[in-house]
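Working notes for the structure below.
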Amino acid sequence: MVNLKQIHELPPILANQISAGEVVERPASVVKELVENAIDAHSTQVDVTVENAGLKLIKVVDDGDGIDADQVQTAFLRHATSKITEQRDLFRVRTLGFRGEALPSISSVADVVLKTSTGAMGTEVTYKGGKFVSQSASESRKGTTVEVRSLFYNTPARLKYLSSPNTELAKISDIVNRLALSHPEVAFSFTSNGRELLRTSGRGDLLQVLGAIYGVKTVSKMVPIQSEEPDLAINGFVSLPELTRASRNYISLILNGRFVRNYPLTRAVIDGYGSKLMIGRFPIAVINIKLDPALVDVNVHPTKQEVRISEEPKLGHMISNAIRQMLATKQLIPDATRDFKKPVSSRSNDYPSESPAISAQPQGQPLFEVPSETEGSNLADDDPIVIKQRDDLNGPRVAKWDRLLAEEPTSVPIFGETGFRLADDSNPAKAAEIQSQPEQQDLVGESGFPNLRYIGQIHGTYLVAETPENMYLVDQHAAQERINYEHYRKAIGEVSDDQQKLLVPIVLDYTTSDFLLIMEKLPLLQKLGIHLEQFGQNSFIVREHPMWFKAGQEEATIKEMIDWILNDHKISVAAFREKTAIMMSCKRAIKANHHLDSRQASALLARLPECENPYNCPHGRPVLVKFTNEDIEKMFKRIQDPHRTDEEII
């Protein structure tokens, strides 16, 4: 029985195993530590090989500096490192690893063989379960090779907490992908059970790395951003609003070459899109941040993925502005044919047949999700599956990059046989009125938005319009939502004393807890022109409301605004105004199955270019989509798709 009063020093192996619990959580942690060491050793090539999701073997080979023979065993001691020498180095960390715990922690829970050379005769050292076994000379090329076998064999309790082989392999792939994105100047390869899953060129081309990970068609929808100030700079790529994913895990923040997690900066990326993103959808982004190391504390967490940044608000504002300014220069009307491409099977055989879907997790977030068995047969070739083979971008085919990036998706017919109503189908005079409209001189006006000419309506829901070069389908509800939203956003932001008296005051009843919370938030409501008076116990009375409220919806609008406060205790004035503007714009917009005459439709189209963002409704849905003349000619076989084979045409 342990004497709890007896203080004693832990044996080195046990201390290393405890440390391993922080540093080596799973196979992906081993890969991260070893690859970061390779990058710190100035490697230009790093090859990662795993077997059985890393539990049987993890092998990392680099061409870096190597380790001198008389220092190899020192590298396996706790807190031994070549990356810091004094206290002030902790506050200007310029390397990825520096704690000196990786090798001793890994070797304490596995069998490790390390071969290394600085260019002369090499050295090979072996450790089993944290115990030194042997050291000998070996003929090694310059660099270091680390083989980790039988991970966690002597800590079986750790194995119980690992996920399925599918999930563990996905986490390893996520780590390798993030490191490749962080260091495009390093050539990476990643192989699992003999199958190559990733290869990058190491030419310093971030776009090529993005293509190797995400696929060419996905990357063709990403655009560069850049901004610089005296103390910090950012650059990278973000997706156009039409290219989104269901989680934030596709946003990669790279700080001084280190992948980090930082919610405020991730939020800044999303905020840069404003209302251009659909609710619940998130962009793909890789943001490189260059910051003075003195302004960053990376010693907050054992894995060094969580950091403190002294210039965080300034940096977040910089990121949001860079994205906002980039999007302002882009024509954001989605191509109507982009989603009608032939699905390509891209499923890997590397996972067992029962491979489950992997959901986003707070720790070790996967860069991509692995599809379930039922999803795998319908995947398009731009679905971001970490386990698929990228033949078009790997090995000798890297040269095909420029050509593949320019490829267009295959077009197919999408129209049905019924439901199209010309503007003149009920009144010939309307047709004459539209035909007499002046000819449009240019496809795009100064605002970058097309100068649309109304043609007709489909199903009382979609407006058909044209320019000299393209045809457009406009969602009339989304269009008016956008127009209304910008009107209400301005009105709410300029709250005046103009109030409409209610003939019959509104009485609102709440529970005691809700009543107390609302009392705290009365100043917030007043900033939007909502004045609540206490009326008995746990009740409020409303005697007037802002002029911009829709008649007949006063009570419902006020209740909904109060519900936001009850659901989000920390809601800001800006967020409150945004939510209110979105709610009001939706309530007053034209609904589907509502037929417009030509004057109403033309007036709606004429107001769109006046909007700050005419491309999306406040919920992020597209307002309109485009068909080029070439798209239409392909649909009717007037021209052949150059990407189709002779067999497909026949």
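Criterion first (buried (at least 19 other Cβ atoms within 10 Å of the Cβ) and farther than 15 Å from V112 by Cα) does N37 satisfy it?
Working: buried (at least 19 other Cβ atoms within 10 Å of the Cβ): yes; farther than 15 Å from V112 by Cα: yes.
Yes; evaluated as a whole, the condition is true for this residue.
For region 255-281, which residues satisfy the criterion of being in contact with a helix residue (DSSP H, G or I) (Cβ under 6 Å, 6 or more places away or on another chain) and either aromatic (F, W, Y) or surrounded by fewer than 18 Cβ atoms within 10 Å (Cβ to Cβ) (or both)? F259, P264, D271 - these are the residues of region 255-281 that are in contact with a helix residue (DSSP H, G or I) (Cβ under 6 Å, 6 or more places away or on another chain) and either aromatic (F, W, Y) or surrounded by fewer than 18 Cβ atoms within 10 Å (Cβ to Cβ) (or both). Of G100, G54, G119, all but one fail to be of a type in the set (G, A, S) and modelled with pLDDT of 90 or more; the exception is G54.
What do you reckon, is I67 assigned to a loop (DSSP other than H, G, I, E, B), modelled with pLDDT of 60 or more and surrounded by fewer than 19 Cβ atoms within 10 Å (Cβ to Cβ)? Spelling it out, it is not the case that I67 is assigned to a loop (DSSP other than H, G, I, E, B), modelled with pLDDT of 60 or more and surrounded by fewer than 19 Cβ atoms within 10 Å (Cβ to Cβ).
Taking region 607-631 only, how many residues are polar (S, T, N, Q), in contact with a helix residue (DSSP H, G or I) (Cβ under 8 Å, 6 or more places away or on another chain) and not in a loop (DSSP other than H, G, I, E, B)? Count: 1. So for region 80-92 (the condition being within 30 Å of the chain's Cα centre (by Cα), assigned to a loop (DSSP other than H, G, I, E, B) and at pLDDT below 65), does at least one residue qualify? Yes, that holds for at least one residue. The combined condition, being in a strand (DSSP E or B) and within 22 Å of the chain's Cα centre (by Cα), is fulfilled by L197. Does V72 qualify as being modelled with pLDDT under 95 and β-branched (V, I, T)? For V72, the condition - modelled with pLDDT under 95 and β-branched (V, I, T) - is met. Among the numbered conditions (1) surrounded by fewer than 24 Cβ atoms within 10 Å (Cβ to Cβ); (2) in the same structural domain as A328 (by TED's automatic domain parsing); (3) of a type in the set (G, A, S); (4) on the phi < 0 side of the Ramachandran plot, the only one that A157 does not meet is (2).
Does V238 count as within 26 Å of N321 (Cβ to Cβ), β-branched (V, I, T), at pLDDT 90 or above and not assigned by TED's automatic domain parsing to the domain that holds L34?
Values: within 26 Å of N321 (Cβ to Cβ): yes; β-branched (V, I, T): yes; at pLDDT 90 or above: yes; not assigned by TED's automatic domain parsing to the domain that holds L34: yes.
Judged against the criteria, V238 is a match.
Would you pick out the residues in region 201-224 that are surrounded by 23 or more Cβ atoms within 10 Å (Cβ to Cβ) and either assigned to a loop (DSSP other than H, G, I, E, B) or aromatic (F, W, Y) (or both)? Those that are surrounded by 23 or more Cβ atoms within 10 Å (Cβ to Cβ) and either assigned to a loop (DSSP other than H, G, I, E, B) or aromatic (F, W, Y) (or both): Y214, G215.
So if I check each of V146, V176, which one is touching a residue at least 60 places away in the same chain (Cβ under 8 Å), buried (at least 23 other Cβ atoms within 10 Å of the Cβ), within 28 Å of G130 (Cβ to Cβ) and within 22 Å of the chain's Cα centre (by Cα)?
On the way: V146 fails: within 22 Å of the chain's Cα centre (by Cα).
One residue alone meets the criteria, V176.
If I filter region 160-171 down to residues being assigned to a helix (DSSP H, G or I) and of a type in the set (A, V, I, L, M), which single residue comes out as surrounded by the most Cβ atoms within 10 Å (Cβ to Cβ)? Looking at the filtered set, the residue picked out is L169.
P302 falls short on exactly one of the conditions (1) surrounded by 15 or more Cβ atoms within 10 Å (Cβ to Cβ); (2) modelled with pLDDT under 80; (3) more than 19 Å from I175 (Cβ to Cβ), and that condition is (3).
Pairs linking a residue in region 100-127 that is touching a residue at least 40 places away in the same chain (Cβ under 8 Å) and aromatic (F, W, Y) to a residue that is crowded, with 24+ Cβ neighbours inside 10 Å and not in a loop (DSSP other than H, G, I, E, B), with Cβ atoms under 6 Å and 6 or more positions apart or on different chains, are Y127/S107; Y127/V112.
The values are calculated or read from the model by the stated rules, or taken from the named source; none is laboratory data. Source: prediction; values computed, not measured. Neighbour counts are summed over all protein chains in view; Cβ atoms, including those assigned to glycine, are modelled from backbone coordinates with ideal geometry.
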